[in-house]
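Novice: Below is the structure I would like to discuss, written out as structure tokens.
The values are calculated or read from the model by the stated rules, or taken from the named source; none is laboratory data. Note that the structure is predicted; figures quoted are calculated from it, not measured. Here the Cβ positions follow ideal geometry from the backbone for every residue, glycine too, while neighbour counts run over all protein chains shown.
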Amino acid sequence: MLGLALFVNLFLIFSIESVLKNDLFDRLKNYANKIKDEVVVSIKDNSFANLKELHSIYRISIVNKYGIVIYDNFSSNLDNHSDRFEIKSAMQNGESKSIRYSDTLLKRHLYYAVKIFTYDGDFILRIAKEQKYLYDIFPSFFPYIICEIIAVLIFSFFLAKYLTYIILRPIYDIDLKNLDENLPYPELKILIE
């Protein structure tokens, strides 16, 4: 019973993590759509000052069709990104999302990339956010899991006590003076003989 409770809790934690991951992808997509016009203006003017003023909690990268990062608000002097899954996929399909380890920031990130069409050519706007949900979620669930384990142990104790009473009651009710009559369990006949 305790194992089942732990399994259910782990299932719920991973399910919630999955929901939060999908929610973060939606937020990345909405943010990309929100700043897309500013990105087009920045590319056209070849000035990214307006993007620097956003003070974004997200990592914003602009990559040209050759994979060269022309703007990144978290890092500078980045290598060619043409081999990144989300960049390649967004170039082919118009948009992409992925979860992978960032070699630049040395952390696991969720990425959303969308293709932007300008007069200067095609560009990829990539928005990223660090994925640390599971590590943040588990400590907040820990008190509930401990309470649930204690409740399961208490319930198991009383259930075991009740079942033991029901199973042993016929044995306690045996009339020792008349053992041959009204034996509750035929298996006990061997012990009487």
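Novice: Can you go through Ser89, Ser18, Ser98 and tell me which one is part of a helix (DSSP H, G or I), surrounded by 16 or more Cβ atoms within 10 Å (Cβ to Cβ) and among the polar types (S, T, N, Q)? Give the steps one after another, and end with the answer.
Specialist: Numbers: Ser18 fails: surrounded by 16 or more Cβ atoms within 10 Å (Cβ to Cβ); Ser98 fails: part of a helix (DSSP H, G or I).
Going through Ser89, Ser18, Ser98 in turn, the sole match is Ser89.
Novice: Let me ask you something else. Could you say which residue among Ile154, Ile171, Ile146, Ile127 is over 30 Å from Glu38 (Cβ atoms) and at pLDDT 85 or above? Walk me through how you get there before you give the answer.
Specialist: Numbers: Ile171 fails: at pLDDT 85 or above; Ile146 fails: at pLDDT 85 or above; Ile127 fails: over 30 Å from Glu38 (Cβ atoms).
Going through Ile154, Ile171, Ile146, Ile127 in turn, just one is over 30 Å from Glu38 (Cβ atoms) and at pLDDT 85 or above: Ile154.
Novice: Restricting the search to the range 35-52, which residues are surrounded by fewer than 11 Cβ atoms within 10 Å (Cβ to Cβ) and either aliphatic (A, V, I, L, M) or modelled with pLDDT of 85 or more (or both)? Lay out the reasoning, then the answer.
Specialist: Going residue by residue through the range 35-52, those that are surrounded by fewer than 11 Cβ atoms within 10 Å (Cβ to Cβ) are 37, 45-46, 49.
Of everything in the range 35-52, those that are surrounded by fewer than 11 Cβ atoms within 10 Å (Cβ to Cβ) and either aliphatic (A, V, I, L, M) or modelled with pLDDT of 85 or more (or both) turn out to be Asp37, Ala49.
Novice: Filtering the range 53-72 down to residues that are of a type in the set (A, V, I, L, M, F, W, C) and either farther than 11 Å from Phe123 by Cβ or part of a strand (DSSP E or B) (or both), which residue is modelled with the lowest pLDDT? Outline the logic, then answer.
Specialist: Residues of the range 53-72 of a type in the set (A, V, I, L, M, F, W, C): 54, 57, 60, 62-63, 68-70.
Now restrict to residues that are either farther than 11 Å from Phe123 by Cβ or part of a strand (DSSP E or B) (or both): 54, 57, 60, 62-63, 69-70.
Values: Leu54: 72, Ile57: 84, Ile60: 90, Ile62: 90, Val63: 91, Val69: 90, Ile70: 89.
Residue satisfying both the conditions and the ranking: Leu54.
Novice: Considering only residues that are free of Cβ contacts under 8 Å to residues at least 40 places away in the same chain and under 19 Å from Ile57 (Cα atoms), which ones fall in the range 81-102?
Specialist: Hits for the range 81-102 are Ser98, Arg100, Tyr101, Ser102.
Novice: Residues that are in a strand (DSSP E or B), at pLDDT below 90, surrounded by 13 or more Cβ atoms within 10 Å (Cβ to Cβ) and among the aliphatic types (A, V, I, L, M): does the range 73-80 have at least one?
Specialist: Quick first cut of the range 73-80, residues in a strand (DSSP E or B) only: none.
There is no residue in the range 73-80 that is in a strand (DSSP E or B), at pLDDT below 90, surrounded by 13 or more Cβ atoms within 10 Å (Cβ to Cβ) and among the aliphatic types (A, V, I, L, M).
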